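Worksheet for the structure shown next.
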Amino acid sequence: MKKITLYFIPLLFIWISGCNTPDPEIQQGINAADEILQTYVEEHDIPGMSVSVYRDGEIIWSKGYGYMDVDNQVPIEPASTLFRIGSVSKTYTASGAALLYQEGKLDPKEPVQTYVPNFPEKEYEITVEQVAGHIAGIRHYRGDEFMSDKKYTSITEGLDIFKDDTLLFEPETDYSYSSYGWNLISAVIEGASGQKFLPFMETQVFDRLNLTNTMPDHADQDIPNRTLFYVYDDSTESNIEAPYVDNSYKWAGGGFLSTTEDMIRFGEAHLSDDYLTTETLDRFMAPLQTSDGESTGYGFGWSTFIDSEGNTWKGHSGGSVGGSTMFFLHREKEVVVAFAINRSGAPMADLRDKLAKIFID
């Protein structure tokens, strides 16, 4: 892998998209957020980052920091730079499943075999909702599976990785995060819709919500505006290009590319009942519970977090090889925030909380 040395001062490149001039109070918040992000990028040696914020019915701030290609100093552009969004893909996929639920084609309480009859029966029955909410007992990655470079040609082939493994526990007795569970959710969507998963997502979610810069991350294809991907090398204390991976084994759980402005459009669509009804949104966003009545903080592809001011947000984080992403929204106050970084393992939770506090006020 090629070593890359970054110099953020004075070479930090900042790109700002065209937004209407906000009122002075909002501008003060934007200035505070900008200062936080510039410090964050420099302190954590971030190659490139995009942030977009929606409030008061429009994108009030959209900005790029650093580069999508460090060697050639190609700047980040929030409207067009494609990042690996990791597990935010689950939330996109959840909207496809919610649409099928709304149309009466998918019942989350049904056993998965209702829609995927070839999936092996387990010691316990597992439902679609249990799988989506990580309480079914399906395992997560093992060994170097996260670094897979194999091209998978079908959703069914992606199931082969884990389908014969025993469950980790009796469903609903525990919570254990599983991206492989979402391989199974994509197969459920195929069974419920009668369509292949990717064409279904492209027509029923991406196209319908005008997500013109959201797509599968076909690693073996040249995709315009896709950022280069980086990892941090502790031995050299520098960013280097990430190893080649192919995420075709887990489209639904972590295989999509998107921009921060597309994530904002996606979030905006979930602030009204134009696409999904309020009942459907409530149903899919509500955290599930384990059998002892403990909330998991996770619904059907939607995570819940409460900020330091006590405000409840819905969304998802995403971690991938060469990508760190955060997407979250506040339904009542109609605020959506998205940021994406072209490097693995960037610390995000504290930054999420700081931005939530700024833009909810």
* Structure fact -> Restricting the stretch 317-334 to residues that are in contact (Cβ under 8 Å) with a residue 12 or more places away in the chain and assigned to a loop (DSSP other than H, G, I, E, B), the one farthest from the chain's Cα centre (by Cα) turns out to be Lys333
* **Any chance Ile185 is more than 25 Å from Ser291 (Cβ to Cβ), open to solvent by less than 10 Å² (accessible area, probe 1.4 Å) and in contact with a Gly (Cβ under 9 Å, 6 or more places away or on another chain)** => no
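Yes/no matrix, rows are residues, columns are (1) without any contact (Cβ under 8 Å) to a residue 40 or more places away in the chain; (2) in contact with a helix residue (DSSP H, G or I) (Cβ under 7 Å, 6 or more places away or on another chain); (3) in a strand (DSSP E or B); (4) buried (at least 21 other Cβ atoms within 10 Å of the Cβ):
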| residue | (1), (2), (3), (4) |
| --- | --- |
| Thr304 | yes, no, yes, no |
| Glu309 | no, yes, no, no |
| Val336 | no, yes, yes, yes |
| Asp350 | yes, no, no, no |
* Considering only the stretch 230-275, state which residues are closer than 29 Å to Ser154 by Cα, open to solvent by 30 Å² or more (accessible area, probe 1.4 Å) and of a type in the set (Phe, Trp, Tyr). => Tyr244
* **Inter-residue pairs, beta-carbon under 6 Å, first modelled with pLDDT of 95 or more and part of a helix (DSSP H, G or I) and in the stretch 192-220, second open to solvent by 20 Å² or more (accessible area, probe 1.4 Å) and among the β-branched types (Val, Ile, Thr), 6+ apart** => Phe197/Ile155
* To do: Restricting attention to the stretch 96-137, report how many residues are in contact with a Gly (Cβ under 8 Å, 6 or more places away or on another chain), open to solvent by less than 10 Å² (accessible area, probe 1.4 Å) and at negative phi.
  => 6
* Inspect the stretch 287-297 for any residue being in contact (Cβ under 8 Å) with a residue 40 or more places away in the chain, more than 22 Å from Val51 (Cα to Cα), among the hydroxyl-bearing types (Ser, Thr, Tyr) and buried (at least 17 other Cβ atoms within 10 Å of the Cβ) and give the result as yes or no. => yes
* To do: Among the residues of the stretch 138-160, write down those that are part of a loop (DSSP other than H, G, I, E, B), open to solvent by less than 40 Å² (accessible area, probe 1.4 Å), closer than 14 Å to Ser179 by Cα and out of contact with any Asp or Glu (no Cβ under 7 Å at 6 or more places or on another chain).
  => Ile138
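The values are calculated or read from the model by the stated rules, or taken from the named source; none is laboratory data. The shown structure was predicted, so the numbers you read here are calculated from the model rather than taken from an experiment. So basically every Cβ, Gly included, is an ideal-geometry build from the backbone, and we count neighbours across all protein chains shown. Surface areas here come from the heavy atoms of the whole protein model, side chains and all, with no ligands, DNA or RNA. Shrake-Rupley method; radii C 1.70, N 1.55, O 1.52, S 1.80 Å.
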